[in-house]
Structures are given as C-alpha cells and as structure tokens.
Amino acid sequence: MKILRYLLVYRRFLLIILTPLLLLPLPLIIRTKEAECAYTLFVVAIFWLTEALPLGVSALLPAFMFPLFGIMSSKQVASAYFRDFHLLLIGVICLAAAIEKWKLHKRVALRMVMLVGVNPAWLTLGFMISCSFLSMWLSNTSAAAMVMPIVEAVAQQIITAESEVDALEMSCSNGSTNPGLELDGRHLLQFLHSPFHSKVKTTRNEDAWKCLHHHVFHAGSPRARGTGWHPVYILTEQNLSPAETGRKSREDKYNGIFKVMCLCIAYSATIGGWTTLTGTSTNLIFAEQFNTRYPDCQCINFGSWFVLSIPVTVTILLFSWIWLQWLFLGFDFKSMFKRGKDKTVREQASARVIQEEYSKLGPISYPEIVTLVLFILMTLLWFTRDPGFIPGWSSLFPKYKGFATDSTTALVIGLLFFIIPAKTLPRTSNGENTVFGYTPLITWKEFQSCMPWEIAILVGGGFALADGCEVSNLSAWVGSKLTPLGSLPLWLIILISCIIVTSVTEVASNAATITIFLPILSPLAEAIHVNPLFILIPTTLCTSFASLLPVSNPSNAIVFSYGHLSIMDMVKAGLGINIISVAVVMLGIMTWIVPLFDLYTYPSWAPIISSTNNT
C-alpha cells in the first residue's frame, strides 16, 4: 500500500520520465526524419493530454527537440512561436481588459436580461443570450465569471421570496396567520400552479389549506369571487415530521432553479465563444494554422466565420435552452408564453434584484462610452475588411493585397486604449478646465493581468509542431496512409472526426486538442481529395464542445464551484448538449455552409497528394 501511495503522489513525475523513455525506440530503430518528428509529436501530445507539465512548458519542447534531431534550426523554430495570431490576441485582450475594467460587460448583461423579462424560462434565456454575447468578445472564462454572481444573486432573491410563501403555509398549518406575509391571491395561485411548484409532494392536511384559503381569500372579499380557486393539496410523505416535510419541499423546488441557471451560464459561455473568430482560442488556432498551411486561400476571416457560425450558435443555444428546461424543470409552454401584467412572487423577486444591480452601476460613464465606441469600431472594421460580396476597405491598398489582416485592425484599436485618457477635463465654477493626472483607459499592468501568456506559448508550440511535420514530410506520410478512408461516405468521415475530437476535448484542453488534430486532419482531407474546410470547420467547432465534466473547461469549473451541481447533473446535461451540438454542426456543414466556401469542389489552393509514397 505504501508503494501505491508513493506512485500516486509521484505519478506526474513518473509520467514525465517514462514517456520519453518508452517512446525512444521509435527514433532509434526507424532512423528517418518522419520518425523523429513523430517522436516529438507523441511526447508533446501525451504531456498536453495528461497535463503532466504545464501546457505552456510542454509547448516549448519542440524548440529544443527539433534542432537536436536536425529537423529545423533554432531560428526557424523560434519564428513559429510568434505569429499573426499573437498580434490579434494582443489587440483583443486590450479590448477585453478595458471592458472588464470599466464594467461595460455587466451593464450589457443586465440590460439584455431586463429586455427579455423575468418569466423563469425567459429569464434563463436572457442570461444565456447575454453570456453568449459577452463570450463572443471576451474569453469564455471571463464571461462566465462575470455573469455567474448576478445569476447567484437573482436565484437567492427568488429563494428568499418563495421562503415567505413557505412560511405562510406553515403559519396556516399551525392555525395562525401572519399579516406581514399576506400575499395577493392571484400571485400565490400563480406560484402554486407554476412548473417550479409542480415538484412539491402532497399532504392530506386539509385544515391547513382551509386556513390558507381563508387567509388569502377572506370570506366575502371581492378578490375571492371569480378566481376559479380550487383547493390544492401539497403532497408530503405521511411519516415525515412537519420540519422535514418543509425542508424536502424547499429543496425540490430550489434545486431545479439553481441547476438550470448555473448550467445555462456554463454552456452559453462556450456556445458564444465559437461564434466569432476571436471568441475562443481554438478558432484563432484554426485560422492561423489554416492560413499558414494554405496561404493562397483568403476565405477565412472574421466576417466569413461569423456568417457560417451564427446560425449554428443560435440553433444550438435555442435547443440547449429547451433541453435544460425540460431536463430539470419540465417544459410548460402555457406558463412560458403567458401574457399579462400580473407577475408571480418569483418574477417580482427576479425583477427587483436585476433592477437593483443595474441601478448600482449608475449612469453610463465616459470611459464606458469610449470603450463601447472602440468596440463597435473594431467590429465594423473586422466585418468590412474583406466581406466578399462587396469590396472591403482593404481594397483601398491594391498594391499590398493580403498585407492587412484582422490583427492589423485589432492592434490599431488596441493601441488607442493606451492613448485615450480615462477622464475628461473637469471644469471649475468659472468654466475653466482644471489640470488632472493623465491616465489612459488601460495600463500595461492591467493588460498583463488579462493576457493569457500560457495560451500564447501553447499556440506557438502548435505552430512549431505543424511546421516540423511539414519540413520532415510527416504530414505527407500520414496523408498517404489515410487514403483508404476515401472509400467511406464523406458525411461519415466528418461525423467520426467530430465524435473523436468531442470525446478527446472532454479530458484535454481545447487548445491542445485542436493543435494536435489539425496537422492530422488536413492531410486526411488532401489524401481523399476533399476540400479541407469540409473536415476542418466542423472539427474546429466540435473542439469547443467540452460539456460533460467540471474539468472539461474553465467555464464549467467556475459554475461547478458554486456548489449547486453534482457531477451527474453536469454529465446528464452535457451529454444532451454534445449530441445537440454535433447534430447541428453536421446539419450546417452539409447544408448552408456548403455554398459559402464551395465545399464540393476541390480548391486550387490545396495541394494534390499522390497516392504513392516512397517513404
């Protein structure tokens, strides 16, 4: 037992030592550049999947292994660790740092929820829409971390309001009334017939309900007439004490509310992230590796990615909302689509806490206005650089076609955040401007605190591996071995790729997963003579479908840390989300995405791979 304990404690250390040693026969026996590159790839991939070393540290291994094997020189490898992707990331992080510093994201989220309304189902949808919108521009982790405290406050306020109703029921069952807890009869009935209350079990204590009926609908009261009220029995187990009965009933009601609201934040943060090219690291990694491997293809940019992904995002978001509602609360269309001025106790509590949170922000400030303007300007410049159906602003520089990319726009706008003052010039009573200390919208220290350096190095390591696979001809060798897969139907190849990637990304980081699989799937597409985008687009999207476990991605971990979910809750909900997501992606890649990139035609920018191989 002591040996097992030592092995368990030092399992990472043993993995770090044994992995290179056990794989060492590969380059020693097969003395080719392909085998040496494969050895490096396997070692890095195992370290990424197991996280035996930090992801950024594992990504640095090609920097010294490739020169030692004679695959690439140190200068060539070093150039792979800083690409156009990193410039784009810097510009996006400048925007994200300013949005978070001045709390513009909180104002946007609360405003969107207020527009949707406080009906429980619509409230959940409002949180999903606001969180997914934020994660398009911020990191998924930041979006979930920002919205989750608001959701927690709303849920707690709902629980407080419904506890008053519970107290009223208990006071009536004890033969007493509490005027301080007297509620409007219509509100109470709406609560009693709501889907949340349907989980409460019954009691045979008719005297309690007679008391409650008398307490709310006083004899001869006008509001008691024409209400259509009928006695409703709360079901309880006869053997439970009144205190245990109340506790069990409250747990049944409240758990479903907390679970749905928590999961809607975790999944909507992920769903929103894949909508934009800059929304998640996997999209950026795909774009950079694709543009590096196929430099003659100029079809992947911010605008084209948004057009292909927005129908996918909206469809998955809608079906995910329906799935979570049905799984934990039941799906009551009648209560969802009711109209009228009367609101339930729950809805009043939700509206109150959201309005209070929004009021705390005060009027929109000068830094928020400037940040919002720069955000809109950056988005417009991304969309209009090369929209495809009309000439974009990049056509103003015909001599330098392809020189300006999305990173150019991001850097220009990002630089403005370090220049524009964070304060306006205050005026004295005489109307004269006073001197103040100059402070920009963001400082370098604030930018550094938001910059994900580990992701930047991880992506650089992925680029180095991709370059090594090309130089050593490992990619061509893999492609030749995958040629027999061309006999399978195309939709089946895409489905298998999506399922494999979705499964791996549950236990490995999204960035590491996409970095490992892109150099494999690109040669596969070339070997079977299929447009590479036909396979790469759906697998890139599926890399973000990490929904089953708290450790699958940081958004899940943040939500799980609040303590309202069990592992099985997340597994049940995440399995449905994964099935929905893969199905929608398959539908999209076989229908509306096809004409966007002419997917059924093998493009001229992709190489033609011969079926023979002399390696």
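The rows are residues; the columns are (1) within 25 Å of the chain's Cα centre (by Cα); (2) at pLDDT 70 or above; (3) among the charged types (D, E, K, R); (4) open to solvent by 40 Å² or more (accessible area, probe 1.4 Å).
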{"site": "GLY330", "(1), (2), (3), (4)": "yes, yes, no, no"}
{"site": "MET336", "(1), (2), (3), (4)": "no, no, no, no"}
{"site": "LYS341", "(1), (2), (3), (4)": "no, no, yes, yes"}
{"site": "GLN348", "(1), (2), (3), (4)": "no, yes, no, yes"}
{"site": "ARG352", "(1), (2), (3), (4)": "no, yes, yes, yes"}
{"site": "TYR366", "(1), (2), (3), (4)": "no, yes, no, yes"}
{"site": "VAL370", "(1), (2), (3), (4)": "no, yes, no, no"}
{"site": "ARG385", "(1), (2), (3), (4)": "no, yes, yes, no"}
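Cβ separations smaller than 8 Å between residues 6+ apart or across chains give the following pairs from segment 5-26 residues that are assigned to a loop (DSSP other than H, G, I, E, B) to residues that are open to solvent by less than 60 Å² (accessible area, probe 1.4 Å): LEU24/TYR39. If you go through segment 457-476 and keep only what is open to solvent by 10 Å² or more (accessible area, probe 1.4 Å) and within 12 Å of ALA511 (Cα to Cα), you end up with just ILE457.
Tell me, which residue of segment 567-605 that is open to solvent by 50 Å² or more (accessible area, probe 1.4 Å) and among the polar types (S, T, N, Q) is nearest to the chain's Cα centre (by Cα)? Per the criteria, the residue is THR591.
Number of residues in segment 396-409 that are more than 17 Å from ASP296 (Cα to Cα) and either of a type in the set (Asp, Glu) or open to solvent by 40 Å² or more (accessible area, probe 1.4 Å) (or both): the value is 3. Looking across segment 66-102 at every residue that is of a type in the set (D, E, K, R) and either buried (at least 17 other Cβ atoms within 10 Å of the Cβ) or in contact with a strand residue (DSSP E or B) (Cβ under 7 Å, 6 or more places away or on another chain) (or both), the one that is farthest from MET136 (Cα to Cα) is identified as ARG83. So how many residues does segment 485-501 have that are open to solvent by 10 Å² or more (accessible area, probe 1.4 Å) and closer than 22 Å to ALA59 by Cα? The qualifying residues number 0. Taken over segment 293-328, the criterion of being at pLDDT 85 or above, polar (S, T, N, Q) and closer than 19 Å to ALA404 by Cα is satisfied by SER304 alone. Scan segment 98-121 and give yes if some residue there is modelled with pLDDT of 80 or more, closer than 17 Å to GLY273 by Cα and part of a helix (DSSP H, G or I), otherwise no. Taking every residue of segment 98-121 in turn, at least one turns out to be modelled with pLDDT of 80 or more, closer than 17 Å to GLY273 by Cα and part of a helix (DSSP H, G or I). Annotation note: of ALA80, ALA96, ALA63, ALA59, the sole residue that is over 30 Å from ILE413 (Cβ atoms), among the small types (Gly, Ala, Ser) and under 35 Å from the mean Cα position of the chain (by Cα) is ALA63. Across segment 464-508, the qualifying residues are those that are small (Gly, Ala, Ser) and at pLDDT below 80, and the one among them that is farthest from the chain's Cα centre (by Cα) is SER480. The combined condition, being open to solvent by 40 Å² or more (accessible area, probe 1.4 Å) and touching a helix residue (DSSP H, G or I) at 6+ places or on another chain (Cβ under 8 Å), is fulfilled by ILE520.
Per-residue answers, yes or no, for (1) buried (at least 16 other Cβ atoms within 10 Å of the Cβ); (2) over 24 Å from TRP477 (Cα atoms); (3) under 33 Å from the mean Cα position of the chain (by Cα); (4) not β-branched (Val, Ile, Thr):
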residue: ILE3; (1), (2), (3), (4): no, yes, no, no
residue: TYR6; (1), (2), (3), (4): no, yes, no, yes
residue: ARG12; (1), (2), (3), (4): no, yes, yes, yes
residue: LEU21; (1), (2), (3), (4): no, yes, no, yes
residue: CYS37; (1), (2), (3), (4): yes, no, no, yes
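Could you look through segment 387-415, keep only residues that are under 27 Å from VAL370 (Cβ atoms) and hydrophobic (A, V, I, L, M, F, W, C), and pick out the one that is nearest to the chain's Cα centre (by Cα)? Here the residue is ALA410.
The values are calculated or read from the model by the stated rules, or taken from the named source; none is laboratory data. Just so it is clear, the model here is predicted, and its values are computed rather than measured. Please note: Cβ atoms are built from the backbone with ideal geometry, for glycine as well, and neighbour counts cover all protein chains shown. Just the protein is used for accessible areas: all its heavy atoms, side chains included, with ligands, DNA and RNA removed. Shrake-Rupley method; radii C 1.70, N 1.55, O 1.52, S 1.80 Å.
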